[in-house]
Amino acid sequence: MRKSIIDNLSSLAKRGAKSDDAASQATESADEQFAGFDEMEKFYWKQNFRLMLRLEKQRRNSIWPYILKNAYRPVFLRKEKVDYLVGNPPWLSYRYIKDESYKRRIKDLTFHYGLLSKKEVKLFTQMDASTLFFVHCRQEFLKNDGTIAFVLPKSVIVPSKQHARFQKLGFSQVHDFTDVEPLFKVRTCLLVCGKTVCHDSIALQSWSGNLERRNASLAEAKKVLIASKGKFDFQIVGEPLSAYYELFINGANLYPRCPLFVEPPSDRPLNLKTPFLRTSEDALEQSKKNWQENFEGRIEGEFLFGTVLSKDLIPFVVRKLSLVVLPVIETTHHDLKLIDANTALGEGYPLANDWFLKAEEYWKERSKDKTISLQDSLNHTNKLTNQNLQARHIVLYNKSGTNLSASMLTPKETKRIHGLPIRGFITENICYRYYAKSEDEAAYLVGILNSSVVNDAIKPYQSQGLLGERDIHRRPFEVCPIPLFNGKNPLHLKIAEVARKCREELLPIVPKMQTPVATARADARHLVQGKLNKLDELVRKLLGNPTRKTLYPPPDSEPLKLMELF
């Protein structure tokens with residue numbers, strides 16, 4: 001086997017490096033190693049040995065045998081395919097690959113194996129290289145009747161469009177290590193593909209147990225791990241079941257935080273037209289160290305907007321709006337137009353020119369991609385300029401999280417922040433938004449999305465992190481047949497009525513809540529639990545029965561403390 005030849009050549013190179021005579025003798029011995037090789041193979045192996053000998057004389061040969069072994073293995077395995085292939089491939093999303101040539105290779109192979117089509121470009125940045133390694137290694141190195149077993153992130157087996165084609169390949173076994181600790185930083189599985197594969201009712205083993213240490217030995221693991229057997233079916237996401245799928249849009253990427261998220265200092269008088277502002281404490285805390293910088297100065301009120309962060313998105317009610325400075329102006333036709341610092345000056349906004357000039361320099365210094373401007377980043381796929389400042393009834397829900405939390409905003413709530421008038425509301429990337437045609441439609445949607453019926457339905461389709469279900473995106477409209485609101489439908493109106501009552505009860509309370517988001521959401525649900533039960537009943541009638549029961553976090557606050565918020 002070539003691996004032993006490499007070891008022999010390495011040993012000969014070390015001996016030959018001692019003198020010219022030793023080098024001559026070592027070269028003759030090396031030539032004997034190539035007996036039986038064809039002429040082309042002999043040529044390349046002689047070149048390899050000469051390089052090893054030269055590097056050994058320079059005391060630089062420590063890595064070359066390792067490189068040769070790794071370069072040789074794939075070539076050897078393609079010719080001499082194996083019966084069993086076990087591995088732990090790189091768990092790397094395409095968007096994190098820096099080398100452009102390697103990215104092109106990954107993309108080409110992904111298309112080649114049909115894991116994505118060229119039309120699905122929006123999914124490509126989410127593609128995990130581990131699935132590509134699985135299909136590529138099976139194709140290149142495994143015998144037709146062989147067995148492959150790879151350790152993979154569990155995200156590749158939960159419902160996700162970027163992995164849908166991989167999941168359709170069929171597997172022999174699925175091993176779920178969700179309940180094994182400590183293991184990896186993300187939930188983990190093992191997929192086995194042998195001679196016989198299944199596309200449904202796949203043999204499942206769910207492992208559980210607490211290891212004494214990370215990287216425990218097999219003997220140590222056997223003592224504590226327990227496996228329960230079952231069957232596994234992939235939950236394939238099909239065509240959306242609700243017409244609202246196309247109507248709910250993800251918000252803009254309001255990053256970096258420091259030049260955008262601001263607040264007026266308490267020790268300064270409030271100038272409504274050109275307020276003095278500085279970076280908010282929340283923005284500084286949430287920013288990575290190299291992005292932390294305090295912006296302060298005056299700016300024209302035309303560039304002040306409101307948004308909501310995930311921590312303030314409470315069921316039925318937004319706890320508070322965050323004040324943001326954005327380089328956009330509203331045209332006479334109520335369209336949003338991006339501007340840069342120079343344009344701001346030309347439009348007659350000298351203070352905005354100062355603010356955005358500093359923000360643009362800040363972005364250029366820290367951004368890894370020098371081809372993208374701050375404005376382009378904020379308006380990626382037009383998520384900023386496609387928003388409507390004139391919308392009267394805005395429905396919002398969280399993009400990610402274990403449980404759904406939906407709220408609505410009305411014009412009364414989007415007029416002022418910290419006593420300053422704002423131009424309107426801009427949805428941030430952590431939310432999906434919909435501009436409802438009426439307050440009844442907004443209440444109808446908020447009622448449905450806050451029901452446990454919809455929350456139950458999306459659970460099998462959410463990706464999973466160490467803390468549980470994670471991504472939500474537009475799952476509610478993919479898996480629930482939520483009908484478009486009909487103002488003449490008594491059931492629709494009843495859902496809207498109950499949701500409105502939940503909102504009316506929470507409106508005076510939620511803005512006073514100072515607890516973390518999970519506690520605040522649980523407390524809000526607790527306060528209107530009776531109405532939520534009624535909503536579940538109505539939504540179940542509208543959509544059908546859920547398959548499982550959601551266990552919401554219990555409220556942490558004492559009932560008497562909650563009553564103090566009234």
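Among (1) at pLDDT below 95; (2) in contact with a Gly (Cβ under 7 Å, 6 or more places away or on another chain), where does residue 333 come up short?
It is condition (2) that residue 333 fails.
Looking at the range 98-132, which of its residues are among the hydrophobic types (A, V, I, L, M, F, W, C) and part of a loop (DSSP other than H, G, I, E, B)?
Within the range 98-132, 115, 116, 127 meet the criteria.
Could you list, in sequence order, the residues of the range 222-269 that are in a loop (DSSP other than H, G, I, E, B), of a type in the set (Ser, Thr, Tyr) and surrounded by 12 or more Cβ atoms within 10 Å (Cβ to Cβ)? Please lay out each step first, then the result.
Of the range 222-269, the ones in a loop (DSSP other than H, G, I, E, B) are 225, 233-242, 247-248, 251, 253-260, 264-269.
So of that shortlist, the ones also of a type in the set (Ser, Thr, Tyr) come out as 242, 255, 266.
Scanning the range 222-269 gives 242, 255.
Which of (1) under 30 Å from residue 364 (Cβ atoms); (2) not assigned by TED's automatic domain parsing to the domain that holds residue 282; (3) not polar (S, T, N, Q) is the odd one out, the single condition residue 227 does not satisfy?
Answer for residue 227: the failing condition is (1).
Of everything in the range 414-439, what is of a type in the set (D, E, K, R) and crowded, with 19+ Cβ neighbours inside 10 Å? Give them in sequence order.
Narrowing the range 414-439 to residues of a type in the set (D, E, K, R): 415-416, 423, 428, 433, 437, 439.
Within the range 414-439, 428, 433 qualify.
Among (1) within 22 Å of the chain's Cα centre (by Cα); (2) exposed (fewer than 13 other Cβ atoms within 10 Å of the Cβ); (3) touching a residue at least 40 places away in the same chain (Cβ under 8 Å), where does residue 272 come up short?
The failed condition is (1).
Determine which single condition residue 284 fails, assuming it passes every other condition in (1) farther than 30 Å from residue 372 by Cβ; (2) among the aliphatic types (A, V, I, L, M); (3) without any contact (Cβ under 8 Å) to a residue 40 or more places away in the chain.
(1)
Looking only at residues in the range 534-566 that are exposed (fewer than 13 other Cβ atoms within 10 Å of the Cβ) and among the polar types (S, T, N, Q), which one is modelled with the highest pLDDT?
The residue in question is 545.
Go through (1) surrounded by 15 or more Cβ atoms within 10 Å (Cβ to Cβ); (2) in contact (Cβ under 8 Å) with a residue 24 or more places away in the chain; (3) not assigned by TED's automatic domain parsing to the domain that holds residue 457 one by one and return the number of the condition residue 216 breaks.
(2)
If only one of 49, 141 is modelled with pLDDT of 85 or more and either of a type in the set (Phe, Trp, Tyr) or outside the structural domain of residue 170 (by TED's automatic domain parsing) (or both), which one is it? I'd like the intermediate steps shown before the answer.
On the way: 49 fails: modelled with pLDDT of 85 or more.
Unique residue meeting the criteria: 141.
So, in the range 20-40, how many residues would count as being of a type in the set (A, V, I, L, M), in a helix (DSSP H, G or I) and over 17 Å from residue 10 (Cα atoms)? So that I can check it myself, show each step before the final result.
Restricting attention to the range 20-40, the residues satisfying the condition of being of a type in the set (A, V, I, L, M) are 22-23, 26, 30, 35, 40.
From what is left, the residues that are in a helix (DSSP H, G or I) are 22-23, 26, 30, 40.
In the following step, the residues that additionally are over 17 Å from residue 10 (Cα atoms) were identified as 40.
Matching residues across the range 20-40 total 1.
Answer yes or no as to whether residue 297 is in the same structural domain as residue 518 (by TED's automatic domain parsing), at pLDDT 95 or above and either out of contact with any strand residue (DSSP E or B) (no Cβ under 8 Å at 6 or more places or on another chain) or under 22 Å from residue 427 (Cα atoms) (or both). Talk me through it step by step, then tell me what you get.
Working: in the same structural domain as residue 518 (by TED's automatic domain parsing): yes; at pLDDT 95 or above: yes; either out of contact with any strand residue (DSSP E or B) (no Cβ under 8 Å at 6 or more places or on another chain) or under 22 Å from residue 427 (Cα atoms) (or both): no.
So residue 297 fails the test.
Looking at 345, 357, 351 in this structure, which one is of a type outside the set (Asp, Glu), without any contact (Cβ under 8 Å) to a residue 12 or more places away in the chain, assigned to a helix (DSSP H, G or I) and on the phi < 0 side of the Ramachandran plot?
Working: 357 fails: without any contact (Cβ under 8 Å) to a residue 12 or more places away in the chain; 351 fails: without any contact (Cβ under 8 Å) to a residue 12 or more places away in the chain.
Exactly one of 345, 357, 351 is of a type outside the set (Asp, Glu), without any contact (Cβ under 8 Å) to a residue 12 or more places away in the chain, assigned to a helix (DSSP H, G or I) and on the phi < 0 side of the Ramachandran plot, namely 345.
Give the residue that is nearest to residue 56 (Cα to Cα), with candidates limited to residues of the range 12-42 that are touching a residue at least 12 places away in the same chain (Cβ under 8 Å) and in contact with a Gly (Cβ under 9 Å, 6 or more places away or on another chain). Talk me through it step by step, then tell me what you get.
Residues of the range 12-42 that are touching a residue at least 12 places away in the same chain (Cβ under 8 Å), as a first pass: 12-14, 16-17, 23, 26-27, 29-31, 33-34.
Restricting the remaining residues to those that are in contact with a Gly (Cβ under 9 Å, 6 or more places away or on another chain) gives 23, 26-27, 29-30.
Numbers: 23: 11, 26: 12, 27: 13, 29: 17, 30: 15 Å.
The selected residue is 23.
Return yes or no: is residue 187 touching a residue at least 60 places away in the same chain (Cβ under 8 Å), touching a Leu at 6+ places or on another chain (Cβ under 7 Å) and of a type in the set (Lys, Arg)? Steps first, answer last, please.
On the way: touching a residue at least 60 places away in the same chain (Cβ under 8 Å): yes; touching a Leu at 6+ places or on another chain (Cβ under 7 Å): yes; of a type in the set (Lys, Arg): yes.
Judged against the criteria, residue 187 is a match.
The values are calculated or read from the model by the stated rules, or taken from the named source; none is laboratory data. A quick note: this is a predicted structure, and the numbers were derived from the prediction, not measured. Cβ coordinates were reconstructed from backbone atoms using ideal geometry, including for glycine residues, and neighbour counts include every protein chain displayed.
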